Amino acid sequence: MNAIETHDLTRYYGARCAVNHLTLSVDREVFALLGPNGSGKTTTVLMLTTMLHPTEGTATVCGHDILRDGEEVRRSLSYVPQDMAVDIKLTGRENALLFARLYGTDTPKDRVDELLAVMQLFDRADDLVKTYSGGMRRRLELVQALVHKPEVLFLDEPTLGLDVAARATIWEHITALKKDGMTIFVTTHYMDEADRFCDRVGIISNGSLLALDAPSSLKARLSNDVITAHIDGTFRDPGVDGITLFSFANNEASFLAENGREALPLLADAFTRAGVRVRSLALREPTLDDVFLHTVGKSEEPAGFDQTKFRTMLRRRK
Amino acid sequence: MRGVIWYIERDFLRWVRGRVAVFSALVMPAAWLIFVGLALPIRFTDNYLDFITPGILVMTMLSAGLSGGTLLMFDKILGFLNKFLALPAPREDILFGKILFVSLRGLIQSTIILVIAVLIGASVYSPLQYGLTYLILFLFGVLLSAFATTLALYLEDHDSFAAVNTMISMPLFFTSSALMPYNVMPEWLRTLASLNPLSYAIDAIRAVDAGALPLVQIVSLAILGIVVTAISVQVFRRVTV
Ligand SMILES: Nc1ncnc2c1ncn2[C@@H]1O[C@H](COP(=O)(O)OP(=O)(O)OP(=O)(O)O)[C@@H](O)[C@H]1O
Ligand SMILES: [Mg+2]
């Protein structure tokens, strides 16, 4: 039995499909759901934590059906929502103790002390949360979520708005929890984090799961080299055979090519011929970012957002 | 059911730490008591202060109960409710916690109003009479806070909650028997007032003050409270975000 199993999980808000026939299973690993804003990550988490009923499909958490055995499901999981919610008028300890008691923990005070120490909050435990930094509040939320030793932990964007050090701390804790056998389901926008700390990632766009695998396999699947070009002024795809453009943003165009070394001069020539001014060209291994842009970009092409068209439109308005 | 007590403790800590709110809720009823009870040159009855005090007590409970819904509204807006709903503890504990906290807080506020009333010249009654008064106020508080909390669960934002709140509380107060006895009311108002649950509570306290035991009103308030709470429990059990 896997800790999380979903089968054709679907959710509509009115006519808009937020999650579309999602089928996946997650067990004793750190699993990340990656996707652009509005792709249905939070909606998925809300369904799995029994806060929202699916329109269609089923899911189980630790073998309990999210529709029929809501209470059992909630007993086996903890959930940290996307928007931080800790009581600023209470102290860190009071915040944590509330959850320890609501969960019916045996020795709430000891458990809270233990976790506050693990999360490096012990010294400030009796200060009002009002005086905590964002990173401390996030860690306090982890304390609240961990007081009852859940089997499955849902973290909706656990590192949102934190600095590099605070993010690293959070991930250290998450990795430690996995070693203890916990299943951790996170959503995030940070590809580098997903790449470094997650065992498997699922890429979701417009509610549909487009890719599902270990970060390294996903990168290997691209099997191509990535060429990035910094462009000055207007950009046009020079259209060289075998070199495909997969993203353009912030004056940076990214291409995929089977053999990067050979493609570089071809691309440079093509740019010159097309009259596009290139500031720099770089060749590198694909990152998860590339996988993401490649996967999501493809799915959005038909109805998606056309950068170049949009820019021309803006220019015409001036 | 264990969860109820921890939810109450949390709301209590938040309440006493928000110093201003502790007193602001008392300003309105105290002002009514002093300006209407003492200063207004109306003589419906021989001691108007004694007549109006039950009305003001119930008014205190009314505003305490209805505004108690904002507790849940803010829990919802600030994301606490989501976290509570994801807990294995029965979801109706959240509701019971709010009902009890809001009603008890209303009783504390009513006590202060009662003390002010006595200080400015209202009659003093026996402990038994005060006990019954508190019972009536509590039942009324349960009815209102259950209603307001469930309403807050349904409404989208604080503005619409505040709007519904004002829309309900003012007309309820003015169409009750709080300010004048039935015999001086115009016919239409008398009909409205005798249907108004606020009047049940007010009339019951007046009957207690007069030395009677208003069983009918107490039982009606209790039944209303139980029905509204039972419906609210169902709503809380099924709620999704
Ligand atoms: N309560 C709601 N009512 C209507 N539509 C909603 C509601 N909540 C979400 N949606 C829509 O469902 C889609 C998925 O939203 P969701 O919050 O799951 O995205 P997300 O992947 O978590 O995005 P983000 O990264 O911005 O948090 C979006 O198109 C959103 O507009
Ligand atoms: Mg989200």
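Restricting attention to region B:74-132, the residues being on the phi > 0 side of the Ramachandran plot and touching a Leu at 6+ places or on another chain (Cβ under 8 Å) number 1.
For region B:116-132, the criterion of a residue being free of Cβ contacts under 8 Å to residues at least 60 places away in the same chain and within 14 Å of B:Ile202 (Cβ to Cβ) is satisfied by no position.
Applying the set (1) within 16 Å of ligand 2 (Cβ to nearest atom); (2) within 14 Å of another protein chain (Cβ to nearest Cβ); (3) more than 25 Å from A:Lys89 (Cβ to Cβ) to A:Val186 leaves exactly one unmet item: (2). Please work out if A:Leu146 is within 14 Å of chain B (Cβ to nearest Cβ) and modelled with pLDDT of 95 or more. Against the criterion (within 14 Å of chain B (Cβ to nearest Cβ) and modelled with pLDDT of 95 or more), A:Leu146 does not qualify. In region A:37-71, which residue that is of a type in the set (Gly, Ala, Ser) and farther than 21 Å from B:Asp93 by Cα is farthest from ligand 2 (Cβ to nearest atom)? Filtering region A:37-71 for residues that are of a type in the set (Gly, Ala, Ser) and farther than 21 Å from B:Asp93 by Cα, the one farthest from ligand 2 (Cβ to nearest atom) comes out as A:Gly63. When region A:12-45 is filtered for residues that are open to solvent by 20 Å² or more (accessible area, probe 1.4 Å), within 14 Å of chain B (Cβ to nearest Cβ) and within 8 Å of ligand 1 (Cβ to nearest atom), the ones remaining, listed by number, are A:Tyr13, A:Thr42.
Which residues, taken from region A:72-87, are more than 8 Å from every other protein chain (Cβ to nearest Cβ) and in contact with a Lys or Arg (Cβ under 6 Å, 6 or more places away or on another chain)? Listed by number, the list holds a single entry, A:Val86.
Scanning region A:180-196 for residues that are assigned to a helix (DSSP H, G or I) and either open to solvent by less than 50 Å² (accessible area, probe 1.4 Å) or modelled with pLDDT of 95 or more (or both) gives A:Met191, A:Glu193, A:Ala194, A:Asp195. For B:Ile120, the conditions (1) away from chain A (no Cβ under 14 Å); (2) at pLDDT 90 or above; (3) over 21 Å from the mean Cα position of the chain (by Cα) all hold with the exception of (2). If we scan region A:80-98, do we find a residue that is modelled with pLDDT of 95 or more, assigned by TED's automatic domain parsing to the domain that holds A:Asp27 and of a type in the set (Ser, Thr, Tyr)? Yes, because at least one residue in region A:80-98 is modelled with pLDDT of 95 or more, assigned by TED's automatic domain parsing to the domain that holds A:Asp27 and of a type in the set (Ser, Thr, Tyr). Looking at region B:149-241, none of the helices (runs of 4 or more DSSP H) lying wholly inside it contains 1 or more residues that are in contact with a helix residue (DSSP H, G or I) (Cβ under 8 Å, 6 or more places away or on another chain) and on the phi > 0 side of the Ramachandran plot.
Could you tell me which residue of region A:120-143 is farthest from A:Met182 (Cα to Cα), considering only residues that are within 22 Å of the chain's Cα centre (by Cα) and away from chain B (no Cβ under 14 Å)? So, considering only residues that are within 22 Å of the chain's Cα centre (by Cα) and away from chain B (no Cβ under 14 Å), the one farthest from A:Met182 (Cα to Cα) is A:Gly134. Taken together, the residues in region A:76-125 that are in a loop (DSSP other than H, G, I, E, B), open to solvent by less than 10 Å² (accessible area, probe 1.4 Å) and among the aliphatic types (A, V, I, L, M) amount to 5.
The single residue among B:Ala117, B:Ala86 that is of a type in the set (A, V, I, L, M) and under 25 Å from B:Thr175 (Cβ atoms) turns out to be B:Ala117.
Where helices (runs of 4 or more DSSP H) sit wholly within region B:1-112, those with at least 1 residues that are open to solvent by less than 40 Å² (accessible area, probe 1.4 Å), under 20 Å from B:Ile202 (Cα atoms) and more than 12 Å from every other protein chain (Cβ to nearest Cβ) occupy B:19-31, B:48-67.
Taking into account only those residues within region A:1-36 that are closer than 16 Å to A:Ser205 by Cβ and of a type in the set (Gly, Ala, Ser), which is farthest from ligand 2 (Cβ to nearest atom)? Checked region A:1-36; the qualifying residue farthest from ligand 2 (Cβ to nearest atom) is A:Ala32. What residue, among those in region A:158-177 that are within 16 Å of ligand 2 (Cβ to nearest atom) and surrounded by 21 or more Cβ atoms within 10 Å (Cβ to Cβ), is farthest from the other protein chains (Cβ to nearest Cβ)? The qualifying residue farthest from the other protein chains (Cβ to nearest Cβ) is A:Thr159.
State whether the residues of region A:108-115 include one that is within 14 Å of another protein chain (Cβ to nearest Cβ), in contact with a strand residue (DSSP E or B) (Cβ under 9 Å, 6 or more places away or on another chain) and either modelled with pLDDT under 95 or over 14 Å from A:Glu141 (Cβ atoms) (or both). No, because not a single residue in region A:108-115 is within 14 Å of another protein chain (Cβ to nearest Cβ), in contact with a strand residue (DSSP E or B) (Cβ under 9 Å, 6 or more places away or on another chain) and either modelled with pLDDT under 95 or over 14 Å from A:Glu141 (Cβ atoms) (or both).
The values are calculated or read from the model by the stated rules, or taken from the named source; none is laboratory data. Bear in mind the structure is a predicted one, so any value in this text is a computation, not a measurement. All Cβ positions, glycine included, derive from the backbone under ideal geometry; neighbour counts span all protein chains shown. Side chains included, ligands, DNA and RNA excluded: accessible areas come from the protein's heavy atoms. Shrake-Rupley method; radii C 1.70, N 1.55, O 1.52, S 1.80 Å.
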